[in-house]
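Read the structure below first, then the notes.
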Amino acid sequence: GESVGLHLPTLSVQEGDNSIINCAYSNSASDYFIWYKQESGKGPQFIIDIRSNMDKRQGQRVTVLLNKTVKHLSLQIAATQPGDSAVYFCAEKGVNTGKLIFGQGTTLQVKP
Amino acid sequence: DTAVSQTPKYLVTQMGNDKSIKCEQNLGHDTMYWYKQDSKKFLKIMFSYNNKELIINETVPNRFSPKSPDKAHLNLHINSLELGDSAVYFCASRRQADYTFGSGTRLTVV
């Protein structure tokens, strides 16, 4: 069946360090991937996306890498700040479907 | 000017009751969704409507009935609530690849 998963449930980093959050997906037909950030008491918020015809995409302090060969997605956060503390989800969208399939989430804890 | 708004934000109710959660979006999006987030934070799609028409219905008990009176609203009615229905329910809307989520409704069944 379809599934998107994350390798680590919790990631703890020191403020100022870089963070890397990983995700493995199973549906090779998915053509669009999104990273979401969810803060306590709020809904998922869009961080960055990438289409399957790309390997890398950069935003402000964030970079998403896509390795289609091994069906792996990662989110890199540069100079992690306390405000980055949240649960991070990867999600995939299949071709010709609007259904987003979420992974289980990684909790990022930033230590001051 | 909340883009996707859900009411209520918190809902505590007894087993066996019937309750509704409302969702409205002012983004002009054509597609709306309901997602359920369990205690382990796993987000799973329940339903999707496009222009008031049901297009996705995952394996959800028929105690759950979505209703879309117009494309800006997607309400979720739940009959005969069970303890396992306790979760956070998120509404979302979409246009093309732009998804926007509401802030969630925390449902607690006691």
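Details
- Within region A:7-63, being away from chain B (no Cβ under 14 Å), touching a Gly at 6+ places or on another chain (Cβ under 9 Å) and of a type in the set (Ser, Thr, Tyr) holds for A:Tyr25, A:Ser26.
- Residues that are assigned to a loop (DSSP other than H, G, I, E, B) and open to solvent by less than 10 Å² (accessible area, probe 1.4 Å) within region A:55-104 comprise A:Thr80, A:Gly103, listed in sequence order.
- Qualifying residues in region B:1-41 (those that are open to solvent by 60 Å² or more (accessible area, probe 1.4 Å) and closer than 26 Å to A:Cys90 by Cβ) - the one modelled with the lowest pLDDT: B:Thr2
- Top-ranked residue in region B:42-51 [being touching a residue at least 12 places away in the same chain (Cβ under 8 Å) and open to solvent by 40 Å² or more (accessible area, probe 1.4 Å); ranked as farthest from A:Gln104 (Cα to Cα)]: B:Asn51
- Residues satisfying the stated conditions in region B:77-99, i.e. open to solvent by 60 Å² or more (accessible area, probe 1.4 Å) and of a type in the set (Asp, Glu): B:Glu82, B:Asp98
- In this structure, B:Lys40 does not satisfy being charged (D, E, K, R) and in a strand (DSSP E or B).
- Residue in region A:89-107 that is touching a Phe, Trp or Tyr at 6+ places or on another chain (Cβ under 7 Å) and among the β-branched types (Val, Ile, Thr) present: yes
- Residue count for region B:2-24, restricted to those that are away from chain A (no Cβ under 12 Å) and within 26 Å of B:Arg95 (Cβ to Cβ): 5.
- B:Glu58 within 12 Å of another protein chain (Cβ to nearest Cβ) and surrounded by fewer than 19 Cβ atoms within 10 Å (Cβ to Cβ): yes
- Enumeration of residues in region B:52-110 that are of a type outside the set (D, E, K, R), assigned to a loop (DSSP other than H, G, I, E, B) and free of Cβ contacts under 8 Å to residues at least 60 places away in the same chain: B:Thr59, B:Val60, B:Pro61, B:Asn62, B:Ala72, B:Ser86, B:Gln96, B:Ala97
- Near pairs, Cβ below 9 angstrom, 6+ apart or cross-chain, from region A:92-107 (within 8 Å of chain B (Cβ to nearest Cβ)) to any residue that is part of a loop (DSSP other than H, G, I, E, B) and buried (at least 23 other Cβ atoms within 10 Å of the Cβ): A:Phe102/A:Pro44
For (1) under 19 Å from A:Gln45 (Cα atoms); (2) over 12 Å from the mean Cα position of the chain (by Cα), each residue gets a yes or a no:
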| site | (1), (2) |
| --- | --- |
| B:His29 | yes, yes |
| B:Lys40 | yes, yes |
| B:Glu53 | no, yes |
| B:Pro66 | no, no |
| B:His77 | no, no |
| B:Leu107 | no, no |
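The values are calculated or read from the model by the stated rules, or taken from the named source; none is laboratory data. Here the structure is a predicted model, which means the values were calculated and not measured. Cβ sites come from the backbone with ideal geometry, for glycine too, and all protein chains shown count toward neighbours. Ligands, DNA and RNA are stripped out before the accessible areas are found, and what is left, the full protein with its side chains, is counted by its heavy atoms. Shrake-Rupley method; radii C 1.70, N 1.55, O 1.52, S 1.80 Å.
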